[in-house]
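Note sheet for the following structure.
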């Protein structure tokens, strides 16, 4: 009985000590985990991203497969291969009484719209971005602020006003009118993007090129343009996609079916009939996606390639 | 090539960046434009480069006015503090760029780039991109790019400021060596006075866009024209004490409530011609103040040691007497301690500046 207490105490002490040791060990383990955590983290994030993108990927896959199959088992699994759905490529489509125009002029319209928007947007916004970034002139801040305001307006809000404007300048029911509207509404944003890229090119680099023997044009061509590439890639991708995917303005301002684009064509395939030919629809939709994919593949490299080196602060 | 700045003024909006600057830079010399940041030295350099246009005045290269000549026709090489290498080009392409613009043939370009990169010891790096280089390597590439077209004038805008301290000291002597070997007229902008003193044939000290003094390092150190130059040149800076001068019994004294120094005879002669000056600033460099434990002489009665700082070879000792503070550099063998009372002696030159204008009273107008 006498020495029980001290023993107990001793035991208790030992208990504390071993607990501390354990805690220390655990801390070490945690620290050890932290090292491997990034790899585990990587795996987890890969899994999460895969799970999230599976539905998107599957729906595209379904779209692609169903465009080539005559029948889908429960609308999910393709059963037989056919090119019938792709017949719009070589013959006009006939649906009941309505004869659709051939898809090629419509594709051409869409391409024309997309490329025109891209071309003019890149041209105008690189020039205006340069001016806003490099020159100090009266009203510069105001212009910059106004571009932001204009960008903040949703295009839908302007629909009726634009309709009147187009009507007045006799550009209603023309692709040129739609182009003009698209370009005008998107220049503010792309100008701001490009301005950001110009801001990142130091004056020193530009001045160096002058001393090295460039005139203004050569400086632009050999020094500024290469450094601006990612910016140009970004805005041309955005503007191409927005031109290619434009629906609302075409739907509102274009009445002649020959002047429509793929977006409204696709809509008309869905909208006009009680019985929708899903095979045809998916084939047209797949066809509609091809240029977007191509464009993205070509610009992706430039988009990811950002090089602002030569500087160590 | 000789460079002459004739009454150069540059105005940005309401700010006068450079005010009526006159400067003559002899052929083959290295001249440093020295001053605190924002003093207009870089603006001056950019005007010489042709990037800024002087608001007034003329810039002469040799016997030609170059005001209207664009940078590319001035036959200059320029190195920026940031080096301003083209990030999308390799080192080779960076150096070859000026030659390509001159449409020289490929073999010639290859030969020249190889030559200059061997000269600057960067021939191993030619395939790399600027971002893969260290600061010192980037600096060499920038120098190579500036020199490859054999310019008449080399302009360097704070070329060493982005390097670490050790590399900076090494590169400045290398730059000087290179400049002497090539015999190229060089204009070097810096805010670092010790850098300026080591590389320059002549230094132009600029403050607020106005030239303060243009002379050799020695003269700048021994005979600063005004208080700004006196305190800007030399490290640690010159001690400045406010007070007045007085004649007593044919001797000249500097006085303030705390101190009373008798001034050397040769000062007396100069000052006699400016008898009306009374309020002055007294200046003495820390290395010209000696301390001793000896008995007091008449005008160096005991000072108290406030602080002792280790500077390596020497000690920087802060002395005080009343409100007057004096710093001195002494040998380490003295081993003074804080609180000690010591006496001082001036072993070198002392300076007197006019309190109002800041002018050195010992310089002729």
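The values are calculated or read from the model by the stated rules, or taken from the named source; none is laboratory data. These numbers come from a predicted model, not from an experiment. Cβ: placed from backbone, ideal geometry, glycine included. Neighbour counts: every protein chain shown.
Please work out if residue B:128 is within 13 Å of another protein chain (Cβ to nearest Cβ) and within 23 Å of residue B:30 (Cα to Cα). No; evaluated as a whole, the condition is false for this residue. Against the definition (away from every other protein chain (no Cβ under 14 Å), in contact with a strand residue (DSSP E or B) (Cβ under 8 Å, 6 or more places away or on another chain) and either free of Cβ contacts under 8 Å to residues at least 40 places away in the same chain or in a helix (DSSP H, G or I) (or both)), how does residue A:279 come out, yes or no? Judged against the criteria, residue A:279 is a match. Would a scan of segment B:97-106 turn up a residue that is away from chain A (no Cβ under 13 Å) and not in a helix (DSSP H, G or I)? The answer is yes; a qualifying residue exists.
Residue selection: residue A:195 satisfies the criterion of being buried (at least 21 other Cβ atoms within 10 Å of the Cβ) and in the same structural domain as residue A:245 (by TED's automatic domain parsing). Against the numbered list (1) within 22 Å of residue B:227 (Cα to Cα); (2) at pLDDT below 80; (3) surrounded by fewer than 16 Cβ atoms within 10 Å (Cβ to Cβ), residue B:356 comes up short only at (2). Any residue in segment A:204-220 that is closer than 18 Å to residue B:83 by Cβ, in contact (Cβ under 8 Å) with a residue 60 or more places away in the chain, buried (at least 17 other Cβ atoms within 10 Å of the Cβ) and within 32 Å of the chain's Cα centre (by Cα)? Checking segment A:204-220: at least one residue is closer than 18 Å to residue B:83 by Cβ, in contact (Cβ under 8 Å) with a residue 60 or more places away in the chain, buried (at least 17 other Cβ atoms within 10 Å of the Cβ) and within 32 Å of the chain's Cα centre (by Cα). Residues in segment B:199-217 that are within 18 Å of residue B:29 (Cα to Cα) and surrounded by 15 or more Cβ atoms within 10 Å (Cβ to Cβ): B:199, B:200, B:201, B:202, B:203, B:204, B:205, B:213, B:214, B:215, B:217. In summary, residue A:171 fulfils each of the numbered conditions (1) assigned to a loop (DSSP other than H, G, I, E, B); (2) touching a strand residue (DSSP E or B) at 6+ places or on another chain (Cβ under 6 Å) with the single exception of condition (2).
Of all residues in segment A:42-77, those being surrounded by 15 or more Cβ atoms within 10 Å (Cβ to Cβ) and over 21 Å from residue A:288 (Cα atoms) number 1. Check off (1) at pLDDT below 90; (2) crowded, with 17+ Cβ neighbours inside 10 Å; (3) more than 9 Å from every other protein chain (Cβ to nearest Cβ); (4) not in a helix (DSSP H, G or I) for residue B:171 and give me the number that stays unchecked. (4) is the only condition that residue B:171 fails.
Here's the yes/no breakdown for (1) in a helix (DSSP H, G or I); (2) buried (at least 23 other Cβ atoms within 10 Å of the Cβ); (3) more than 10 Å from chain A (Cβ to nearest Cβ); (4) under 29 Å from the mean Cα position of the chain (by Cα):
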{"position": "B:78", "(1), (2), (3), (4)": "no, yes, no, yes"}
{"position": "B:88", "(1), (2), (3), (4)": "no, no, no, no"}
{"position": "B:110", "(1), (2), (3), (4)": "yes, no, yes, no"}
{"position": "B:114", "(1), (2), (3), (4)": "yes, no, yes, no"}
{"position": "B:141", "(1), (2), (3), (4)": "yes, yes, no, yes"}
{"position": "B:145", "(1), (2), (3), (4)": "yes, yes, no, yes"}
{"position": "B:151", "(1), (2), (3), (4)": "no, no, no, yes"}
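Condition check ((1) over 22 Å from the mean Cα position of the chain (by Cα); (2) closer than 18 Å to residue A:211 by Cβ; (3) modelled with pLDDT of 95 or more; (4) not assigned by TED's automatic domain parsing to the domain that holds residue B:142) across all residues:
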| site | (1), (2), (3), (4) |
| --- | --- |
| B:11 | yes, no, no, no |
| B:26 | no, no, no, no |
| B:35 | no, no, no, no |
| B:42 | no, yes, no, no |
| B:56 | yes, no, no, no |
| B:85 | yes, yes, no, no |
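Please work out which residue is farthest from the other protein chains (Cβ to nearest Cβ), limiting yourself to segment A:176-194 and to residues that are in contact (Cβ under 8 Å) with a residue 60 or more places away in the chain and over 19 Å from the mean Cα position of the chain (by Cα). By that ranking, first place goes to A:177.
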